[in-house]
Amino acid sequence: MLSDNLWFHNIYCFLYTGDTAISGCSDAIGLLPESANWMPYYIAGFSMVLVLINIFMIFGALYTYAERRLIGRFQSRLGPNRAGPFGILQPVADGIKLLTKESMIPDTADKPVYNLAPVIMLVPVILVVAVLPVGEGTFMTDLNVSLLFAISITALTTIAIFMAGFSTGNRFAMLGAMRAVAQLISYEVPVVLSTVGIILLTGSLSLVDMVEAQTVPFILVQPLAFLIFIIGSSAEMNRTPFDVVEAESEIIAGYHTEYGGMRFAMIQLAEYASVLVNSAIITTLFLSGWDGPVSFIPSPIWFLLKMFFMAFCFIWIRATLPRLRMDQIMSFAWKFLLPLSLLNIFVTASEVLYFGVNGLFTQNDLWIMSLINFGVAILGIVIFTKVMEIGTDSNNKYKYPV
Amino acid sequence: MYGLGIVKGLIVTLKNFVRKPSTISYPEQRAPQHSRFRGEEFVWYEERCTGCASCAKFCPLGIIHIVTSPSDENIPEGGSYKLEAFDIDIARCMFCGFCVEVCPYDALFMGSGFEQAQYSRQDLVLDKIKDQKEGKNKSPSTWFRPQLENQKYIPHSGKEMEWDSAGREEWDYHPTNRPKRNLLAWQNKNFKNKGKN
């Protein structure tokens, strides 16, 4: 396990002296004295944790700036450009402003739950970073159920949102929380089912195995699953086509209406970091993770580039699409995404039975499967749009594009 | 249908993203401004003004305050009063420009600026005599003053317009040079083929 993880291995062996047979360090340098041989394990592990989590947190803060700036450009504006060069210090200014604000707790609030909710919101985002393979041999841990771990941990956000909305004692927050629970649980189902196709192809739940299995990026082999996953994860992040949870024109700010100051900052940070984490999961599952076409660029850079591209796509979608109604969101999940993800599982399972020799696929197999799956995706979307009457309002029969 | 509308929408926003933003960052950059812009700071030339108070009479709001006294020079015709006060309260001004239109001697012009924010209402009363003494604010708007446009004068260029070149060239106001009152001939001379101005 340790030898898989290059980062850990290198730092550990850099510090470790002593019996190389036990530690697995054939090239031990040994900066620390031999009496401190228990320390390298902790130092190496802690440095990884510190760097990886802080990368996601700092990029999460920068993502708020990037989002405002890019949405400005999408709307033919400039965006924030006052604080620092090109406004790059805007998140710092926002952070200082939010942290120095008075800590207000409404009288109607259930105080322990109210205080706990932002923390619980931030925790799953940080926990998911543990299983993300950021580069070749650059990950904190390679669980054999890491996909399951990531999906189930991100589902914790629902509880945090409901805690925040329920404990505030504000009717808008309550509405937002109820919408959140309905929406997030509905979209959890197609998201999980869409990943089953990838699990069938790799034969493993480990994210590292999934990246290694992608001789052809799974966005080509599993286009339908990619579509469902990207829609579902943008619904789970409460981003714009599905942001009824915090719809500012309907229910002020939804579940975080009564939050301010540092708690609000934590909620915002959790939301924006979760966009990055979700982009990272999509990169790992569909865009062949750290694997890049050119090998002289290091693998973490490839991973970050793909992740930023996905984050850009989320901003792009947010800048384009208007908000859906609650019943449209629910019917879209249950009537459209769920049957399509089941269809995807069926087709992929048939292909695995037909092509798979001991669960291994050659590149040619994957290309053929990609062709079939593209056809299935287009046919499935067309047929299910007709059958399920998506894009048709049952009340007034007014047609609009989905 | 079938999600193609979403793709179309994404392409529209991407086009917006690629093109230059239509916003300009104001204090550093400025939007292009027409030379006929009716700005806040009125430009007034004491040398051209006779103190007839036409502007004060025509002002719909009565915000031009003029105090005159007989001048010491004993010129029977075309002489001017001595001006003791010429104030314009631009806090209440609506920039209709009647005062500029009626000025028979081209002494009053609209300004070209728009950044006249002050902390008190009293500061918004323009003391034109004081301004004239300090020699500031000599970039008149070319609104209702075609002679400035004929000279290709642009108020935002930073150049100042002096009183002797600001008037209509065909008309010398000095009483000894005033043309005979043959109105038809004067009109034929001055306004033929000049309709474009």
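General observations
- Screening A:Ala270 against (1) among the small types (Gly, Ala, Ser); (2) crowded, with 21+ Cβ neighbours inside 10 Å; (3) at positive phi leaves a single unmet condition, (3).
- Hits in region B:12-64 - residues which are touching a Ser or Thr at 6+ places or on another chain (Cβ under 8 Å) and touching a residue at least 24 places away in the same chain (Cβ under 8 Å): B:Gln33, B:Ser35, B:Arg36, B:Phe37, B:Arg38, B:Gly39, B:Glu41, B:Val43, B:Cys49, B:Thr50, B:Gly51
- Flag if A:Leu340 is more than 17 Å from A:Glu67 (Cβ to Cβ), in contact with a Gly (Cβ under 7 Å, 6 or more places away or on another chain) and within 14 Å of chain B (Cβ to nearest Cβ): yes
For (1) surrounded by fewer than 16 Cβ atoms within 10 Å (Cβ to Cβ); (2) farther than 26 Å from B:Tyr153 by Cβ, each residue gets a yes or a no:
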| position | (1), (2) |
| --- | --- |
| B:Gly5 | yes, yes |
| B:Gly9 | no, yes |
| B:Phe37 | no, no |
| B:Glu40 | no, no |
| B:Glu46 | no, no |
| B:Cys52 | no, no |
| B:Pro70 | yes, yes |
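- Out of A:Phe172, A:Phe166, sole residue that is hydrophobic (A, V, I, L, M, F, W, C) and touching a residue at least 60 places away in the same chain (Cβ under 8 Å): A:Phe172
- Selection from region A:295-321 of residues that are away from chain B (no Cβ under 14 Å) and among the charged types (D, E, K, R): A:Lys306
- Verdict on A:Ser350 being in a helix (DSSP H, G or I) and out of contact with any helix residue (DSSP H, G or I) (no Cβ under 7 Å at 6 or more places or on another chain): yes
- Failed criterion for B:Ser22 (all others in (1) among the small types (Gly, Ala, Ser); (2) out of contact with any helix residue (DSSP H, G or I) (no Cβ under 7 Å at 6 or more places or on another chain); (3) more than 14 Å from chain A (Cβ to nearest Cβ) hold): (3)
- Check on A:Arg68, surrounded by 15 or more Cβ atoms within 10 Å (Cβ to Cβ), of a type in the set (Lys, Arg) and under 19 Å from A:Val275 (Cα atoms): yes
- A:Ser249 vs. criteria under 30 Å from B:Leu4 (Cα atoms) and surrounded by fewer than 21 Cβ atoms within 10 Å (Cβ to Cβ): yes
- Flag if B:Asp106 is on the phi > 0 side of the Ramachandran plot and either touching a residue at least 60 places away in the same chain (Cβ under 8 Å) or among the β-branched types (Val, Ile, Thr) (or both): yes
- From the list A:Phe264, A:Phe314, A:Phe308, the lone residue that is surrounded by fewer than 24 Cβ atoms within 10 Å (Cβ to Cβ), over 20 Å from the mean Cα position of the chain (by Cα), in a helix (DSSP H, G or I) and of a type in the set (Phe, Trp, Tyr) is A:Phe264.
- Residues that are over 15 Å from A:Phe332 (Cβ atoms) and at pLDDT below 90 occur in region A:183-197; there is at least one.
The values are calculated or read from the model by the stated rules, or taken from the named source; none is laboratory data. For clarity, every value in this text was computed on a predicted model and none was experimentally measured. Don't worry about glycine lacking a Cβ; one is built from the backbone with ideal geometry, like all the others, and counts go over all protein chains shown.
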